[in-house]
Amino acid sequence: MKIALLPNLTRTHALSVTKEVCACLDALKISYAFDNTVQEELHTCFSVQFLPTQALLQWCDAVIAVGGDGSLIHAAKKAVLYKKPVLGVNAGNLAFMAGIEKNELHLLKNLIDSTYVIDPRMMLEVSYQAFDKETPSVQTICLNDVVIARGEQIKLINLDVFADGKRVNHYYSDGIILSTPTGSTAYSLSAGGPVVDPKIESILLTPICTHSLFARSLIFASNAEICVQIPEDGEDIFLSCDGDASIHLRPNSSLTVKKSSNYADFIRIKNDSFIDVLNSKLSQRRA
């Protein structure tokens, strides 16, 4: 087995955890290599291959991401293009999607024993095209969520939402979140949205601080096509996919969100269920 290691070195403990992962892989005689974008930081620590991203993901059999949920999301979005499964090693705080914690690295032996399962996660496809030629079009995939929200101005924004061509609601709020079940434990949860088992493929819509007594989260079928219209006076509205850099949405434009044909494949080594993970992680928040 060949492993592509993608550590997020901005995490406080990521380097030390990465060293421990490498020590375990060495003991198991598993080959591994790093992305060459981290060569400058790591070349004095590891005498292994550093490959360009494309070559690395073509070479490997699986990816190990070291960091938090954000690290795993970005690693998965790279790996999905090459149909490679991803294992997350938590070097952060909660990390709902991590396969193992930093004190469970002995479980890496399961990779060579093939005592693991692949957990496929639904993704979203986002398409945005403004009417003016100056604004670049956007087409991307998301694992967690799509956020349409106000920018620097401290005022509510108006958004009209349609599902399969039929009007759903008019939202006067700070914005809305469209998420996968995987993303239901992220920003959507903080905004009052429901927790959805990732096995139940669906698209969640959660308004952010809506100025209404009756606006609640909605759950759509996975094959729904959601359209969000930006009004003519929408001067300060932005789009962010999986927490990436925001994109300014032009007034009188629209974007479409639907299920992607791509699935992110996560390696699950432990036998804990989604509810086990949920209870464990949320109990840490209560602590």
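Annotation: aspartates and glutamates with alpha-carbon distance below 15 angstrom to Lys83 (same-chain offsets under eight excluded): Asp61, Asp119, Asp265.
Counting other Cβ atoms within 10 Å, keep those with at most 13, restrict to DSSP loop, and tell me which GluC sites (Glu not before Pro) in segment 93-185 are left. Don't jump to the answer; show the numbers that get you there.
Numbers: sites: Glu101, Glu104, Glu125, Glu134, Glu152; in loops: Glu104, Glu134, Glu152.
The qualifying sites are Glu134, Glu152.
Of the trypsin sites (Lys or Arg not before Pro) found in segment 104-176, the ones in coil according to DSSP and having at most 16 other Cβ atoms within 10 Å of their Cβ are Lys133, Lys155. For segment 186-227, rounded, prolate or oblate, judged on the Cα gyration tensor with a ≥ b ≥ c (square roots of eigenvalues), a/c < 1.5 rounded, else prolate if a/b > b/c? Verdict is oblate for segment 186-227. With 20 Å as the limit on Cα-Cα distance, the pairs of Lys155/Lys259; Lys199/Lys258; Lys19/Lys77; Lys102/Lys199 that go past it are Lys155/Lys259; Lys19/Lys77; Lys102/Lys199. Taking segment 202-287, which GluC sites (Glu not before Pro) meet the DSSP loop condition and have no more than 11 other C-beta atoms within 10 Å? Those that pass, being in a loop and sparsely packed, are Glu232.
Comparing Phe214, Gly70, His248 along the charge dipole axis of the chain, the residue lying farthest to the positive side is Gly70, per the Cβ-charge model. Against the main long axis of the alpha-carbon atoms of the chain, helix 274-286 sits at an angle near 80°.
Report, to the nearest 10°, how far helix 14-27 tilts away from the longest principal axis of the Cα atoms in the chain, using its own Cα long axis and a range of 0 to 90°. So the helix axis and the longest Cα principal axis differ by about 40 degrees.
Taking chymotrypsin sites (Phe, Trp or Tyr not before Pro) in DSSP loop conformation with at most 14 other Cβ atoms inside 10 Å as exposed sites, the chain has its longest uninterrupted site-free stretch at 1-130. Just checking the listed ones, Asp272, Asp69, Asp236: in the Gaussian network model of the chain with Cα springs under 10 Å, the one fluctuating most is Asp272.
At 222 nm, what helix-only mean residue ellipticity would the chain give, in deg cm²/dmol to the nearest 500, using -39500 (n - 2.57) for each DSSP H run of four or more?
It lands at -5500 deg cm²/dmol.
For the chain, the longest principal axis of the C-alpha atoms and the axis of helix 69-79 are separated by about 80°.
Just so you know, all these numbers are worked out from the coordinates, no wet-lab data involved. Here the structure is a predicted model, which is why all the values come from computation and not from measurement. Please note: Cβ atoms are built from the backbone with ideal geometry, for glycine as well, and neighbour counts cover all protein chains shown.
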